[in-house]
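Structure provided below as structure tokens; questions to follow.
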Amino acid sequence: MSRRARRYRHLIDQALSDVRRQEALHRFGDAYLAARAEAFAGLDFAGLRHDIADMKDTVRNDWPAYLHKFMQQAETSGAKVFLARDAQAANAYIAELAQCHGARLAVKSKSMASEEIALNHGLEAIGVRVVETDLGEWIVQLAGQRPSHMVMPAIHMFRDQVAELFGNLTGQQESEDIAHLVEVARRTLRQEFLNADLGISGANLAVVEDGSLALVTNEGNARLVATIPPVHVVLVGIDKLVPSLEDAVRVLQVLPRSATAQAATSYVTWLRGPAPGREQQRELHIVLLDNGRSKLASSEEGRDAWRCLRCGACANVCPVYQAIGGHVFGHVYVGSIGIVLTAFLHGLEAAAELIQACIGCRSCVEVCPAHIDLEHIILGLRRRLAADEGVGTIKDLVFKRVLRNRRLFHGLLRTAARMQKPLTGNATSIRHLPLFFSSLTEWRTLPAIAPRPLRDLLAEQPTATAPRLRVALFGGCAAEFVLPDIGLALARLLRHFNIELVYPEGQSCCGIPALYAGDAATATELARQNVLALAQTQADAVITVCPTCTSALTRHFPDLLAGDPTLADCATGLAAITRDAAVLLSEQLGNASPVAPTTIAGRVTYHDSCHLRRGSEVYLQPRQVLAAAGWHLTEMAHPDRCCGFGGSYSVLGQPAIARAIAQDKLDDIIATGAEVVAADCPGCLMMLHGLVEKRGLPIRVAHSVELLASSLDDQ
């Protein structure tokens, strides 16, 4: 492990020890989801975000022209406009402006762009005192910290901590009452507005058609910053350009709802030209910041991040953010968009550990109001990082020498199944690992390799007579070598439905472990092998019992093989006929479903696997399968919250973060009182079974396919 990685692991451990903050971030996240749903009720969120994505892409694809027109319109209105190529140029311009006006005090409203370029430090270096006037920003400034969230900078702090900070400033003990603390801030900051020589703000939108700017806030400080000091500086990224006022209004429909789950913010301030002044002519300076944004716009892998509205929704729903907070899961910008922006605005080195800390649950993709596939971009950054630094000696050996060679890979797993006896005894789990591996089984058991792989067991199964349909099963590593009973249960159901099941012998790992580690070459080779194996079956459909494999076949294989003249079309064709097993089974239930027991089989709760719910948008069908099997479903709180597995993430990646995420999931399961927890992802099943077994809980963990197959016994 590198020194950088060790330092980051230490920061993670420190963050995870702050249980109070974790609880607060979880409460906020839960409340946010409920409030957000209410705020978007009656609106076509999908339509809105597609429209915003298209609009932002239009600007991105011709941003120099839009920028030129905005600058012309803004200057026509009386503003002075400066295009800053980088942070140094922006700081130099604002510092020179302050010196020309003899400024000694600058008041700021909230601006993440100013955090990005470290503007406060630049001004303080020339003797200008800078006072943050946004309440949250002022709190973190007094604490000597940076914002831990793009919209709510002090979300990590508690009222007693704020009272102590304010008391240090006022010289007296301050009450923890929120209304009192707000009054202290108001009273203290009021004179600063009146004394300021310079006002500095950001902007949420820069409207090209008339050169105007929009500031979206919940406090009145931004208007004071913009109108009281004689000079107002607006620092705004060139990615905030929108063509028209109509486009701006469309953004305003989703921005507050996504940021703070409000239908509207308290203030939307429109600026065009300098604020009027009675005694002296005021100045408006607009500093348009590039600082890597043009590079982002031209990047094949990251260009969609140009769409970002800086709402912070991706952090609000992120399980990693809720576990360790923005000071650890962030650089300047936080959460999954923070990973991308850090890489392009501050360099890949600054983002390296953040890239590896993402668990890939796609929660951010689901809520993003600009329809950015952040997981896809982060996978691209992992490829860049792997090209620069490698994937590590062990992973490099496993991916290139083992995974690419199917016979060697499968042979090693068969050998491991025989050699694991000292660790498993007669059990199907590994309860304890020795020496420095012991931490891996401290909070869960690990699954053992099955005595016989699925392909051997399926070869002994009878086949359907006069089948109505021919389907190929892509098993995946977990179902093939760890949980083959899932595949056997599926085979039994398909025979019941008179569907022929074929299991291509040439199939191997779907390549996701390599892809997620940044080894695209290995992932591409595995995609090639699997597409060839599946194409030879000439099946009517391809089904999987693993949502991660489904994502590989439907999303990644076509991308990886897009440049292959012989397999590109084949990969696309296979993607079109690939479905999760629950989808196929739910379709068959309307025709000849198994007869469910006359009495309720029991109470079950269901965990939505990340790549099934958010990767394939499948969530109703597994519940239909459970109902057909005779089970009473008791929904857990947050059924689609990540379980913390994330493939190798929970073992080799970030096991400490995975443990914290997993505990949240286990608490939700226990609260239902269900005797069975079902999931449709073998990885999730392994994680949940390990958690339940380690604690000795009387809860069965099963795939929905297994539960449906068991209902055949009651006919």
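State all residues of segment 346-396 that are in contact (Cβ under 8 Å) with a residue 40 or more places away in the chain and touching a Phe, Trp or Tyr at 6+ places or on another chain (Cβ under 8 Å); if no residue qualifies, say none.
Matches in segment 346-396: GLU353, ALA357, ILE359, GLY360, PRO369, LEU379, ARG382, VAL391.
I'd like the full set of residues that are touching a Leu at 6+ places or on another chain (Cβ under 9 Å), more than 11 Å from CYS510 (Cα to Cα) and outside any loop (DSSP other than H, G, I, E, B), limited to segment 525-543.
Once the filter is applied, which keeps residues that are touching a Leu at 6+ places or on another chain (Cβ under 9 Å), more than 11 Å from CYS510 (Cα to Cα) and outside any loop (DSSP other than H, G, I, E, B), segment 525-543 yields LEU532, LEU534, ALA535, ALA541, VAL542, ILE543.
Could I ask something else about it? Hey, GLY653 hits all of (1) within 17 Å of the chain's Cα centre (by Cα); (2) under 23 Å from GLU366 (Cα atoms) but one; which does it fall short on?
Of the numbered conditions (1) within 17 Å of the chain's Cα centre (by Cα); (2) under 23 Å from GLU366 (Cα atoms), the odd one out for GLY653 is (2).
Residue by residue through segment 352-403, note down the ones that are small (Gly, Ala, Ser) and either over 23 Å from CYS477 (Cα atoms) or part of a helix (DSSP H, G or I) (or both).
Listed by number, the residues that qualify are ALA352, ALA357, SER363, ALA370, GLY380, ALA386, ALA387, GLY390.
Follow-up question, since we're still on this one. Let me spell it out: the conditions are (1) small (Gly, Ala, Ser); (2) free of Cβ contacts under 8 Å to residues at least 24 places away in the same chain; (3) closer than 17 Å to CYS509 by Cα, and ALA450 meets all of them except one. Which number is the exception?
(2)
Right, next: Kindly evaluate GLY122 against the criterion of being surrounded by fewer than 17 Cβ atoms within 10 Å (Cβ to Cβ) and either without any contact (Cβ under 8 Å) to a residue 12 or more places away in the chain or under 21 Å from ALA196 (Cβ atoms) (or both).
Here the answer is no, as GLY122 does not meet what is asked.
Let me ask something additional. Give just the number: which of (1) modelled with pLDDT of 95 or more; (2) under 24 Å from HIS149 (Cα atoms) does ALA263 not satisfy?
It is condition (1) that ALA263 fails.
OK, next. If only one of LEU205, LEU215, LEU224, LEU181 is among the hydrophobic types (A, V, I, L, M, F, W, C), in the same structural domain as LEU255 (by TED's automatic domain parsing), more than 23 Å from ALA315 (Cα to Cα) and in contact (Cβ under 8 Å) with a residue 12 or more places away in the chain, which one is it?
When all the criteria are applied, what remains is LEU224.
Output the number of residues of segment 129-151 satisfying the condition of being crowded, with 21+ Cβ neighbours inside 10 Å and among the charged types (D, E, K, R).
Summing the residues that are crowded, with 21+ Cβ neighbours inside 10 Å and among the charged types (D, E, K, R) in segment 129-151 gives 3.
Here is a further query. Taking PHE45 as meeting all but one of (1) at pLDDT below 95; (2) surrounded by 12 or more Cβ atoms within 10 Å (Cβ to Cβ), write down the number of the exception.
Result: PHE45 passes all but (1).
Of all residues in segment 440-489, which are surrounded by 17 or more Cβ atoms within 10 Å (Cβ to Cβ), assigned to a loop (DSSP other than H, G, I, E, B) and among the β-branched types (Val, Ile, Thr)?
THR445, ILE449, VAL482
If you check ALA427 against the conditions, is it hydrophobic (A, V, I, L, M, F, W, C), free of Cβ contacts under 8 Å to residues at least 40 places away in the same chain, in a loop (DSSP other than H, G, I, E, B) and loosely packed, with under 14 Cβ neighbours inside 10 Å?
yes
Give just the number: which of (1) within 30 Å of VAL19 (Cβ to Cβ); (2) crowded, with 18+ Cβ neighbours inside 10 Å; (3) under 30 Å from the mean Cα position of the chain (by Cα) does GLN161 not satisfy?
(2)
Could you check THR672 against (1) under 17 Å from GLY360 (Cβ atoms); (2) surrounded by fewer than 24 Cβ atoms within 10 Å (Cβ to Cβ); (3) at pLDDT 95 or above; (4) of a type in the set (Val, Ile, Thr) and say which number it fails?
That leaves (1) as the condition not met.
Quick test of your reading of the structure: ALA35 fulfils all but one of (1) closer than 28 Å to LYS665 by Cβ; (2) in the same structural domain as SER244 (by TED's automatic domain parsing); (3) out of contact with any helix residue (DSSP H, G or I) (no Cβ under 8 Å at 6 or more places or on another chain). Name the failing condition by number.
With respect to (1) closer than 28 Å to LYS665 by Cβ; (2) in the same structural domain as SER244 (by TED's automatic domain parsing); (3) out of contact with any helix residue (DSSP H, G or I) (no Cβ under 8 Å at 6 or more places or on another chain), ALA35 is out only on (2).
Quick one: is VAL320 in contact with a helix residue (DSSP H, G or I) (Cβ under 7 Å, 6 or more places away or on another chain), modelled with pLDDT of 95 or more and in a loop (DSSP other than H, G, I, E, B)?
In short, no.
Going through ASP540, ASP559 one at a time, which residue ends up being closer than 11 Å to ALA472 by Cβ and not aromatic (Phe, Trp, Tyr)?
Unique residue meeting the criteria: ASP540.
Give segment 685-698 a look and list any residue that's more than 13 Å from THR428 (Cβ to Cβ) and crowded, with 22+ Cβ neighbours inside 10 Å, or say none.
MET687, LEU688, LEU691
The values are calculated or read from the model by the stated rules, or taken from the named source; none is laboratory data. Not measured: the values here are computed from a predicted model. Note that each Cβ is placed from the backbone with ideal geometry, even for glycine, and that neighbours are counted across all protein chains shown.
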